[in-house]
1. Of the residues ASP136, ASP241, which is modelled with pLDDT under 95, farther than 25 Å from THR111 by Cβ and in contact with a helix residue (DSSP H, G or I) (Cβ under 6 Å, 6 or more places away or on another chain)?
2. Within segment 53-66, which residues are surrounded by 21 or more Cβ atoms within 10 Å (Cβ to Cβ) and in a helix (DSSP H, G or I)?
3. Please give the helices (runs of 4 or more DSSP H) falling wholly within segment 96-178 in which 3 or more residues are without any contact (Cβ under 8 Å) to a residue 40 or more places away in the chain, more than 19 Å from the chain's Cα centre (by Cα) and farther than 25 Å from GLY189 by Cα.
4. Does ARG253 fit the bill of being at pLDDT below 95, in contact with a helix residue (DSSP H, G or I) (Cβ under 8 Å, 6 or more places away or on another chain), surrounded by fewer than 24 Cβ atoms within 10 Å (Cβ to Cβ) and at negative phi?
Amino acid sequence: MIVALLAIASGPLGLREGLGRMRAEFVAMRYAQTAAEGLMARPVDRAKVVGSVDRALELAPVHDVVTRQAGVLYMYAGAYPQAVKALRALERGDLSNDISLGHCLLLTGETEEGTALLLGAAAHAQKRRLSGRGGDYMYATLMNNIGYALADGNAELPQAREFVRQAVELAPLQPAYIDSLGWVCYRMGEYKQAAFYLERAVRHGGARNSAENYYHLGAAYARLGKIRLAARALLKALEYDPQYDEAISELRRLRYELPPPMPV
């Protein structure tokens, strides 16, 4: 037994190396978990989140689960180029991964590829539903995510509205879907309708509201000339995420005084 173990340990993938790799992967998963918790913190520290994801990938650069988590975490932290790099390393065909990659491609200026990936994911989801695979919940989630990604990237807006409409039809009280519908309306210049849906999303969201919800609502109010309401919503977004560039830019456009920087 000892001889066998020594032989294994001396090989290219020996016991010691295998245990070291397992330990590194375990620690990498912990870093990914820390990053996920950081995104849920109030206020969010994006730089710290990105640093944790960087460390996770350093420890487990070829671990599919870590890479998948890293791509999504980078995306939510607004680190879109890093998200694209991580998500490209995964095999195509997983709808959730493809949607995340398509979203990030749109936000990094690769509009044609991102749009094609998202529309392909939508066609695949629709085909899967027609064949009886996957229930309403999964279909609604996929349609919402695809529609929101297209709207966020300002691409194929009529199609985006239809995708999100299907999601809302299946789950009319889901705040995330209502927010997506409001954001599509905003992108299409329908600001009054956008504010209607975005107000409803915030009302239904309650404690689950995010900086993004308040930014969307503030942006819609701003376009309607409701400056005080816009500033209140945008400042609320910055309470949740002091590094939310879009909210900062919108407040500056409104000539509102920004809150003091978050102490380090």
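The values are calculated or read from the model by the stated rules, or taken from the named source; none is laboratory data. Note that this is a predicted model, so its numbers are computed, not measured. Counting neighbours? That spans all protein chains shown, and the Cβs are built from the backbone with ideal geometry, glycine included.
1. ASP136
2. Hits for segment 53-66 are VAL53, ALA56, LEU57, VAL66.
3. The helices (runs of 4 or more DSSP H) meeting that bar are 111-130.
4. It is true that ARG253 is at pLDDT below 95, in contact with a helix residue (DSSP H, G or I) (Cβ under 8 Å, 6 or more places away or on another chain), surrounded by fewer than 24 Cβ atoms within 10 Å (Cβ to Cβ) and at negative phi.
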